[in-house]
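Below is one structure, written out as structure tokens; comments come after it.
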């Protein structure tokens, strides 16, 4: 251990566990709450939701957590951070309020419904000097970790082509997903955000120089984004490093299984693919391709769902201060803006 590490070790050991409030305790909120409570890194102090049923379920996971009905109640408590898992239209405003109160934030995606909202949250986090994280969870699968390692070590050579797909044969079950004012968009905002994030993050966020896209609703070209959301989308992103990214995502596509999820990276010396197994939303393999041969790098089981939240909690235990990696959230949001703007029929 270095002298600097030795000097800080006693202080770090003495630091109390961060006190966390949970805003929104539906399925995804409870899942992240369970992961954080199970990690032993934080104390679940309170949870807030307008649904008494959701609150009751949350308190079964964290019996010591107080029940609240609003963000105002949470902000009146002695907290170090808030985990936000509410509908998308509320994310930016709620995150900014939490940050301005001097607390760290971990938010479900999207952080904002567009680039402008996202930038406002990041500006608030910088001004408050508080940690900001977003649940871009597919980065944390073991399959994607293995592929990222291949890319970072140059094992694939110069990467020039990426193909990424996310088809959900069901689609969301909450009405607000289908209201563009509340959701900010359809399957691109819901699923495409993960594909864009994986592509940009894996390549260390190169510049996007050109985008083309096509958006559909009910099998017809999307005519008006203010009236409806897309349920099928394809997009091509040309990057400043010379690579081209092809994306496709959908809700309720007749895919023959629950989900089709994949992310392939092709370079001059090899390729690599993350793909789901047997239509699962949770089970993934990673393969390293060379010519016609494949080497399996990762396979199920892999409990990855809460790792993004746990990574945020680990950072928070070290320091609540802003980390510049959050600046990159604007790159992902801007890419989604470009995909929507590039569709000539969407208006």
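The values are calculated or read from the model by the stated rules, or taken from the named source; none is laboratory data. This one's a predicted model, so the numbers in the text were calculated from it and none came from an experiment. Because the Cβ atoms are built from the backbone with ideal geometry, glycine has one as well, and the counts that use them run over all protein chains shown.
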Residue hits (segment 145-173; under 21 Å from residue 231 (Cβ atoms) and either without any contact (Cβ under 8 Å) to a residue 60 or more places away in the chain or out of contact with any helix residue (DSSP H, G or I) (no Cβ under 9 Å at 6 or more places or on another chain) (or both)) are 163, 169, 170, 173
Would you confirm whether any residue within segment 314-326 is part of a strand (DSSP E or B) and in contact (Cβ under 8 Å) with a residue 12 or more places away in the chain?
-> no
When segment 73-89 is checked residue by residue, the ones that are touching a helix residue (DSSP H, G or I) at 6+ places or on another chain (Cβ under 9 Å) and assigned to a helix (DSSP H, G or I) are 74, 75, 88, 89
Given the condition surrounded by 15 or more Cβ atoms within 10 Å (Cβ to Cβ), without any contact (Cβ under 8 Å) to a residue 24 or more places away in the chain and under 22 Å from the mean Cα position of the chain (by Cα), answer yes or no: does some residue in segment 79-90 qualify? yes
Restricting segment 92-150 to residues that are more than 19 Å from the chain's Cα centre (by Cα) and more than 22 Å from residue 320 (Cβ to Cβ), the one surrounded by the fewest Cβ atoms within 10 Å (Cβ to Cβ) turns out to be 149
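Results for (1) closer than 15 Å to residue 272 by Cβ; (2) outside the structural domain of residue 18 (by TED's automatic domain parsing); (3) in a helix (DSSP H, G or I); (4) at pLDDT below 95, shown as yes or no for each residue.
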site	(1), (2), (3), (4)
122	no, no, yes, no
146	yes, yes, yes, no
197	no, yes, yes, no
216	no, yes, no, no
224	no, yes, no, yes
Condition set under 20 Å from residue 214 (Cβ atoms) and at pLDDT 95 or above, scope segment 163-179, selection surrounded by the most Cβ atoms within 10 Å (Cβ to Cβ): answer is 166
Checked segment 152-162 for anything within 9 Å of residue 265 (Cβ to Cβ) and surrounded by fewer than 18 Cβ atoms within 10 Å (Cβ to Cβ); matches are 161
Residue 64 fails exactly one of (1) in contact with a strand residue (DSSP E or B) (Cβ under 6 Å, 6 or more places away or on another chain); (2) assigned to a loop (DSSP other than H, G, I, E, B); (3) more than 19 Å from residue 101 (Cα to Cα), namely (1)
